[in-house]
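Q: Can you keep this structure in mind? I'll have questions shortly.
The values are calculated or read from the model by the stated rules, or taken from the named source; none is laboratory data. Just so it is clear, the structure is predicted and the values come from calculations on it, not from any experiment. Positions of Cβ are backbone-derived with ideal geometry, glycine not excepted, and every protein chain shown enters the neighbour counts.
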Amino acid sequence: MSTGKPLRRTAFTALCAVAALLVSGCGPETVAAPAVPAPVAQTGFNGTDLAWLQLMVPMTENVVEVLRLAQDHSDSPALTAEIAVGQNATLMRLRALRDRAGLPSASIHEGHRMPGMVTGADLVVLRDTRGAEFDRRATALLDAHLDQAVLLSQGEQRSGQDGETRSLAAEIVKSTGARPVPDRR
C-alpha cells in the first residue's frame, strides 16, 4: 500500500532515527532500554540488523492486529484483507530472521511510544470503532506505520550486514513505492 507521498528522507535521517530510538529507549516514559542480546555466533548480523528486527517485528505484529480488526470493523474489508496477506507474510519472515539472529521473541519496545508503532491504546479505540471512523483511524495508523517502516528499512539497507535481512528491508521499501536506496558498500 503506497501512501502516495514522495519520501524525501535521506539515509542519514534514517540512521539518526534508528540511533535516536536506541539511545532514547524510544519514548519519554522509558527509564532504560534493555541491552540488546548478543546474536548467535557466526550469524552475520550487525547492530543495525538486530535493532531493525527488534523494531520491525512488534511494529508489524501490531499492524497485523489492526488489519485483523478491519475484517469486522471496516467499510472496506476486502481491501484490508489483501494488505493483511502481505503483512502476515512479512511478519513470518521477520520472525524467522529474529529467531536466526538469536533475539528474544518478547518485544523490548512494549509500552514505548514510537513513530509508526500501533499502541495498545490505539487497538482499544479501534475495537470500539466501526465503519468510516474505523477506516479513518486505521488508515492514519497504517500510513504512519508504512512511513516509519520505509525509513527504518532504508537505514537497514544502508547499514545492515545480513544479506537476507537487507533483502527483506529492500522489499519493504519497494512494496511501498519508495525510491530504492543505493548500496554504498
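Q: If Leu123 satisfies all but one of (1) assigned to a helix (DSSP H, G or I); (2) surrounded by 13 or more Cβ atoms within 10 Å (Cβ to Cβ); (3) under 15 Å from the mean Cα position of the chain (by Cα); (4) not charged (D, E, K, R), what's the number of the condition it fails?
A: Of (1) assigned to a helix (DSSP H, G or I); (2) surrounded by 13 or more Cβ atoms within 10 Å (Cβ to Cβ); (3) under 15 Å from the mean Cα position of the chain (by Cα); (4) not charged (D, E, K, R), only one is false for Leu123: (3).
Q: Among the numbered criteria (1) at pLDDT 90 or above; (2) over 14 Å from the mean Cα position of the chain (by Cα); (3) surrounded by fewer than 18 Cβ atoms within 10 Å (Cβ to Cβ); (4) over 30 Å from Ala132 (Cβ atoms), which one does Met92 miss?
A: Among (1) at pLDDT 90 or above; (2) over 14 Å from the mean Cα position of the chain (by Cα); (3) surrounded by fewer than 18 Cβ atoms within 10 Å (Cβ to Cβ); (4) over 30 Å from Ala132 (Cβ atoms), Met92 violates only (2).
Q: Somewhere in segment 51-66, is a residue farther than 22 Å from Leu146 by Cβ and not hydroxyl-bearing (Ser, Thr, Tyr)?
A: no
Q: Now for a different question. Would you please list the contacts, defined by Cβ atoms under 9 Å and residues six or more apart or on different chains, that run from a residue in segment 101-117 that is without any contact (Cβ under 8 Å) to a residue 60 or more places away in the chain to a residue that is exposed (fewer than 12 other Cβ atoms within 10 Å of the Cβ)?
A: Listed by first residue and then by second, the contacts come to Glu110/Gly120.
Q: Can you pull out every residue in segment 141-177 that is over 15 Å from the mean Cα position of the chain (by Cα) and either assigned to a loop (DSSP other than H, G, I, E, B) or over 29 Å from Arg100 (Cβ atoms) (or both)?
A: Listed by number, the residues that qualify are Gly160, Gln161, Asp162, Gly177.
Q: Which one of these does Pro115 not meet: (1) more than 14 Å from Glu61 (Cβ to Cβ); (2) surrounded by 17 or more Cβ atoms within 10 Å (Cβ to Cβ)?
A: All conditions are met except number (2).
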